Every structure is written in C-alpha cells, then in structure tokens.
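Asker: I'd like to ask you about the structure that follows.
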Amino acid sequence: MALVDPKTGHDGVTLDLDDGEILRLLEAWLPSRRWYPAKGVDVVLSCTARIPMPSDAQGGRQPFIAIVRARREGAGGVDVTLQVPLVLEQEGADPAARPAGPVVDPSALVGTTSAGRLYDGAQHPAFWSAWLDAATWAEEDRPARQPYDFTGAHILSVEQSNSSVLLPRVAGGTMLKILRTLAPGDNPDVVVPLALTRAGWHGVPTPYAWHELTIDDPEGSWRAHAGVLAELVPDATDGFELACSLAADGRPFNGPARELGTQVAQMHSALRRAFVDEVRDVDPAWLLDALRRRVRSASSASAAVRERATEIEAFLAHMSSVTDDAVRQGRPLPPVQRIHGDLHLGQALYSPQTGWRILDFEGEPLRPLRERTRPDLGERDVTGMLRSFDYAAAVGHAGSTEWARAARRAFLEGYNGYLTVPGALGFGQRPSLADRVLILDSFELDKALYEVVYEERNRPDWTHIPLAAIDRILGR
Ligand SMILES: Nc1ncnc2c1ncn2[C@@H]1O[C@H](COP(=O)(O)OP(=O)(O)O)[C@@H](O)[C@H]1O
Ligand SMILES: O=P(O)(O)O[C@H]1O[C@H](CO)[C@@H](O[C@H]2O[C@H](CO)[C@@H](O)[C@H](O)[C@H]2O)[C@H](O)[C@H]1O
C-alpha cells in the first residue's frame, strides 16, 4: 500500500505492511491498553482502513492511523470503531531527523514487523508532529511549523478512556487529546468547548485545534472528529485526586465542592445559551423509560445487577406511581437541554490561578455517541458529581459517611445558590423538592448501574463502591 501525504499530495513512504501483520500485533497489544473499551470481551478485530499522516522530515518514520473495528454479536455484544495511531520506524531511521523532545519510551513499542518497528503513535513525537500539521486551527494560534518543540512532552498515565499528551512547549502549553472511539459526525469533546468559549464562558480549557478524519471503509465514506488540542490548565489538580487526598487526611472537601457546584450551574447556564435550539419540554415518562433502558443494559452485562432485580423492579414501580402523580397534578419536569453527560470529579481540574475548569464533554464512553448528546436534565450532571463524592470517600478512606454527605450538601448549596441569582440562568421552573429528590435518586441509581458495568470491565476491585450506592438507594 503506497501512502499519499494528504496535505501535500505527494507520495509518502511505501508502507510495505499488510493489515494481517498489523492486526496480529494489535490483538496482543490492545487488550492491555487502559482505553481499550472491549476488555474482557471476546471480540473479532478487523482493520477497516488505514489513514496516512503527513510525514515530512521524519527520516524514515511513517505515522499513520489504523481504524480498527472490534465486534461481537449477540447479548452483551460490542461494536466499536477505534482510532489506533501508529508509527512505523523503518530499519536505519535517521536518529537526527526527529523533533526536539523525548526519546521514544521502549514501552511505546507495539511490536516488530517485517517492515520495521511499530510504535504507539500516541507516545511518538513523529505522530504528534504529524497531528499538529494535519489539524484545523481555531484562530491564528497555529505554532510555527516543524520542528515543534516537544521538550517535556509525554503521554499521561491517568485512568482514562482516551489518550492525552501533555505538550508544554507547543502553543504556550497545550494538551492533545486523541479520541479512541470514533463515531460518524461531530464529537462533543470538540464542538461543546468550542461553542462554550464562543458563547463567552471560559470554564473550559480553550480549544485551539482539532483533527477530523474521512474514513473510507466497507461501510462507505464517513467523517469523524479524532482529536482536539486545548489550552493547558496551569498547575492543575484533578478534582478526584484533590478530594481523595483531603478525605485521606480527614479534612472536608466542602469549600471546593461549593465552588464546583457554582461552576457547574454556570456551565449549565452557558450550555443552554450555546445550544438554545436543544432546550425543550419532555414528557415525564421519558425519565422512567431512560432508567428502564439502563436497567436492561446493566442487567445483561452484570450478574451483580441481575441479583438485585427484585428490588430494582420495586424502585421502578414506585417511580412510576410518583411520575403518574406528578403528571396528574400538573407538575411538569423542567426543560431538557445540552448537558455534560459524564460529569465526575475527574472531569474537573482545580487550578489556584483559574479555579475550576470542566473537561471531557464526550458523555459516557460506554454509550453510542448519538445517545450521548441527547438533551437531558441538568440534574444528570449534578448526580454524576454526587456519585464522585462517594467514590472519593471510599478510595480516600474517609472513615465516616458524614464526609461525603457534607460534600454533597456543599455542592448542592453552590449549585442551587446560583440558580437563584435573578435572571442569571433562564433555567425556568425547577422541580419541586420532593420531585427533585426522586430525580436525584433515580439518576443516582442509573449512574451507579452504569458504574458497576464500567468497574467490572475496568477495575473489578472497585465494583463494591457503586454496588454499595445501589443497595443504599434500594434500601437493601
Ligand atoms: N487542558 C488540560 N490541562 C491540564 N490537564 C488536563 C487538560 N485536559 C486534560 N487534562 C488531564 O487529563 C486527564 C484526562 O482528560 P480527559 O479529557 O478527562 O480524558 P478522558 O476522556 O480520556 O478521561 C484529566 O483528568 C486531567 O488530569
Ligand atoms: O473520564 P472518563 O470519560 O473516562 O469516564 C469513565 O471513567 C471514570 C473513571 O476514571 C468513571 O468514573 C468513576 O470513577 C471515578 C473515580 O475514578 C469517580 O469519581 C466517578 O464518580 C465514577 O463514575 C466514569 O464513570 C467513566 O465513564
């Protein structure tokens, strides 16, 4: 396969490597990646497309993207399309012709092929450099062309569903996020922060550039956002780390939780302005349908959820009768709107200079992309954050249930306090207190069901954390 540089149109390096050889290496390598979404599932992998990246001045290093489909049919089936950036270093690659920055870490080696060594592109300067060349830039932020300065650059080793690369010397300090699961169309992680900053809300890191792919595979030709480069939040601490360390020291998280509550309310207000066409009234029965769908998918994936089927059914029946009452008595739900969709403490960064910044608008990575951007109640995000206080108390060994309860109260005070600022939000009518408690409970159950499946696949030792919440909500 001869690769053609998409930017310059001239012939690139010939990649004398067939898909079978790449796949054999990926089959062994992918399941050990933190971001691989089909861990523990016996899937069939296929390489559906290969996309060349600009390869000027890489001295025998050819960056490209393998599009890999992971499929398994039937109950608990999986069908995901993954972005796997790779770099093929041919024998005799010129050591001098590489961007300034780190030497490629040996852990980045995916394997050795007949055409040379194959590296994880997310950990390779030749891919970073190609990405920056291929990206679309928002304004005139584009840094000088190659060679880029990759001093201090490295991939983050945090628990995450995508891959993030810290580039301290690119465009004044940036974070490159390589999206791992691709779906046709716009990705909310690109378009939402762009819309928010354009609407004048700066509670997100400013996006500078993004990368879009056109994929020609057996399904046809489709386009997808594949990555985004954003401003680096200075001296940032992840909200989850901060909360866990305070819990471990027996110190409260109430002050930061209150400020975070206010920031989340402001985010909802800005999302409403930025996506005003999505604000609409919904039938309250929709709430129940959404929870039933979650119960079905979590039950099919998890035996622990199936064990609690009787109590879950009783909760659904109770919810159904309260919803009927609300409808009969004319107590409507507030309108739905664009929300974050997977808000938790790990999506909030605290910086002494800038306060809280909110990240990662991709929604829940285990759901199909088209479902993740569905308008919803702001309470969905509120509950996501409440779940996180539970996690932080468990992981930080807070020692008492009061730590999480106090953090929850403070967060809600911050959130609700902002809702009362006259005219600040245009949030319209909020649910009555009793309805709100029910909404929060049912959303918390919904989220904890999601978490059980997520933990069983990714961190089985932590499954007890959401299970305890489910049991609390069900009164088990
Ligand atoms: N702009 C940024 N500035 C500083 N750190 C960031 C930035 N963006 C992401 N991070 C760090 O990277 C982590 C993962 O980013 P995130 O967007 O949540 O990825 P994922 O979707 O894979 O979870 C965050 O928890 C944070 O620690
Ligand atoms: O950040 P991601 O989009 O990758 O979100 C996924 O991974 C999260 C874990 O990093 C997971 O969050 C769960 O664990 C957190 C602690 O690590 C906790 O604070 C959250 O409350 C809990 O939901 C998230 O659910 C998943 O979608």
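No value in this document is a laboratory result; all are computed from the given coordinates. What you see is a predicted model, and the numbers here were worked out from it, not measured in a lab. Glycine gets a Cβ as well: all are built from the backbone with ideal geometry, and neighbour counts include every protein chain shown.
Asker: What order, most packed first, do the peptides 463-474, 284-295, 168-179 have when packing is the mean number of other Cβ atoms within 10 Å of each residue?
Answerer: 168-179, 463-474, 284-295
Asker: Would you kindly give the portion of the calculated P(r) for segment 180-300 that falls above 17 Å, as a percent of all Cα pairs?
Answerer: Looking at segment 180-300, the distances longer than 17 Å represent 74 percent of pairs.
Asker: Sticking with this structure for a sec: To the nearest 10 degrees, how steep is helix 285-301 against the longest Cα principal axis of the chain, on a 0 to 90 scale?
Answerer: For 285-301 against the chain, the angle is about 60 degrees.
Asker: Quick one: if the Förster radius is 30 Å, what FRET efficiency do ALA199 and SER221 give, using the C-beta to C-beta distance and rounding to 0.05?
Answerer: After rounding to 0.05, the efficiency reads 0.40.
Asker: Then there is this: Can you pull out the GluC sites (Glu not before Pro) in segment 129-207 whose DSSP state is coil and whose Cβ has at most 10 other Cβ atoms within 10 Å?
Answerer: Counting only loop positions with at most 10 other Cβ atoms within 10 Å, the GluC sites (Glu not before Pro) in segment 129-207 are GLU139, GLU140.
Asker: No solvent, one uniform scatterer per C-alpha: report log10 I(q)/I(0) for segment 237-474 via the Debye equation at q = 0.10 1/Å, two decimals.
Answerer: Normalising to I(0) and taking log10 leaves -0.46.
Asker: Which value in deg cm²/dmol, rounded to the nearest 500, describes the helix-derived mean residue ellipticity at 222 nm for the chain, given -39,500 (n - 2.57) per DSSP H run of n ≥ 4 and division by the residue count?
Answerer: Value at 222 nm, helices only, nearest 500: -12500 deg cm²/dmol.
Asker: Quick one: grab Rg to one decimal and Dmax as a whole number for segment 111-185, Cα atoms only, in Å.
Answerer: 13.7, 42
Asker: May I have the pair-distance distribution P(r) for the chain, computed from all Cα-Cα distances with 20 Å bins from 0 and rounded to whole percent?
Answerer: 23, 54, 22, 1
Asker: Dividing the Cα convex hull volume of segment 205-275 by residue count, how many Å³ per residue is that?
Answerer: Residue-normalised Cα hull volume stands at 156 Å³.
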